[in-house]
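Encoded as structure tokens, the structure appears first; notes follow it.
The values are calculated or read from the model by the stated rules, or taken from the named source; none is laboratory data. For clarity, every value in this text was computed on a predicted model and none was experimentally measured. When we count neighbours, we look across all protein chains shown, and the Cβ atoms used for this are built from the backbone with ideal geometry, even at glycine. Just the protein is used for accessible areas: all its heavy atoms, side chains included, with ligands, DNA and RNA removed. Shrake-Rupley method; radii C 1.70, N 1.55, O 1.52, S 1.80 Å.
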Amino acid sequence: MSGASAQSGFPTKPVHILVPYAAGGAVDILARTLGDAVSKQWGQSVVVENRPGAGGVIASQALVASPPDGYTLMVVASGHPTNPFLYPKLPYDTFKDFTAISLLASSPNILLVRADSPYKTLADVIAAAKAKPGSLSFGHAGTGTSQHLAGTLLKSMAGIDIAAIPYKGGAPAINDLLGGQIPMSFNNGPEAVGQLEAGTVRALAVTTAKRAAFLPDVPSIAETVPGYDTEVWWGLLGPRGMPPELVEKLAHDFVAALNTDAVKQRLAKLGATPIGSTPQVFDAKIHADYDKWGPIIRAAGIKPE
């Protein structure tokens, strides 16, 4: 019996997808959207489990302890490759203990303020931060997340001092922004779109080098701070030791799900761009981001909360 036909019966029971952040955030929305699509393909239910905390370390630990049979997977965000710089004693090896399956999608992060904020542009924020160093703060989804790093990169490139306030995911950060506890917040598209449409928050800038298709009137940070460019991405991991043919099947099925009209439309509405890569491309991306962000995190002296 060949390996491919050995896997053709997969899955014969529900598949669990771990989400390392709170419900309502981008990773959660993406996992549920894709879970619905692949469960239709498979004729098996997909159970999304939120395991927030420690920047994804808690969920990652649960994945590493799972059997490599494809029934426990995890959607991670771009903070996954930077955790080794933040948590020096990780209970797993970021490169050896996981199997990369597919790079799923990406989105710009967005600098948000409340609708009634006195800050109308990024230039206003930079001017206020320079006038009173340390007086401003921004919320983010947790230490070392792409939102935290987006703020850190802005601080270093614009030469300003603004405090970073960590939350257990992007949704709680937006709640405090709405409540007036913080003056601004970095969030990704999927978390922010609903509030932007409702008019409760305003987008000052997006973090990608070019403007985002879903927010054509919102400038990029690079238009004020030349050379600035960063994004958030999401990918699918399994535990190490998965059979190659099972990895290929999972990559194939999730890429097929990303290419369905329902998922494409949902992601477009959320401001996320579907990618759907091979396992090899995703593995290379994890290594590249580790190399890119390590020096920035060290220079900024970022430590876990």
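List of remarks:
- Each residue in the stretch 232-241 was checked for being touching a helix residue (DSSP H, G or I) at 6+ places or on another chain (Cβ under 7 Å) and in a loop (DSSP other than H, G, I, E, B), and 0 of them qualify.
- Filter result (of a type in the set (Ser, Thr, Tyr) and open to solvent by 50 Å² or more (accessible area, probe 1.4 Å)) within the stretch 201-239: 224
- One residue stands out among those in the stretch 96-117 that are more than 20 Å from residue 228 (Cα to Cα) and among the hydrophobic types (A, V, I, L, M, F, W, C): the one that is surrounded by the most Cβ atoms within 10 Å (Cβ to Cβ), which is 101.
- No other residue among 73, 178, 90 is out of contact with any Lys or Arg (no Cβ under 7 Å at 6 or more places or on another chain), more than 26 Å from residue 274 (Cα to Cα) and not small (Gly, Ala, Ser) apart from 90.
- Subset of the stretch 31-61 (residues that are more than 23 Å from residue 258 (Cα to Cα) and either in contact with a Ser or Thr (Cβ under 8 Å, 6 or more places away or on another chain) or of a type in the set (D, E, K, R) (or both)): 51, 55
- Within the stretch 281-296, restricting attention to residues that are modelled with pLDDT of 90 or more and aliphatic (A, V, I, L, M), the residue that is surrounded by the fewest Cβ atoms within 10 Å (Cβ to Cβ) is 288.
- For the stretch 40-63, the tally of residues that are assigned to a helix (DSSP H, G or I), within 27 Å of residue 88 (Cβ to Cβ) and open to solvent by 50 Å² or more (accessible area, probe 1.4 Å) stands at 2.
- Every residue from the stretch 118-135 that is modelled with pLDDT of 95 or more and either open to solvent by less than 10 Å² (accessible area, probe 1.4 Å) or on the phi > 0 side of the Ramachandran plot (or both): 122, 125, 129
A quick yes/no check of all residues on (1) part of a strand (DSSP E or B); (2) more than 13 Å from residue 111 (Cα to Cα):
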position: 177; (1), (2): no, no
position: 181; (1), (2): no, yes
position: 191; (1), (2): no, no
position: 204; (1), (2): yes, no
position: 208; (1), (2): no, no
position: 213; (1), (2): no, yes
position: 225; (1), (2): no, yes
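- Cβ-Cβ under 7 Å pairs, at least 6 apart or on other chains, the stretch 4-26 side on the phi > 0 side of the Ramachandran plot, far side at pLDDT below 80: none
- Residue check for residue 267: of a type outside the set (S, T, N, Q), within 19 Å of the chain's Cα centre (by Cα) and in a strand (DSSP E or B): no
- Exactly one residue out of 9, 79, 70, 35 is closer than 16 Å to residue 168 by Cβ and open to solvent by less than 50 Å² (accessible area, probe 1.4 Å): that is 79.
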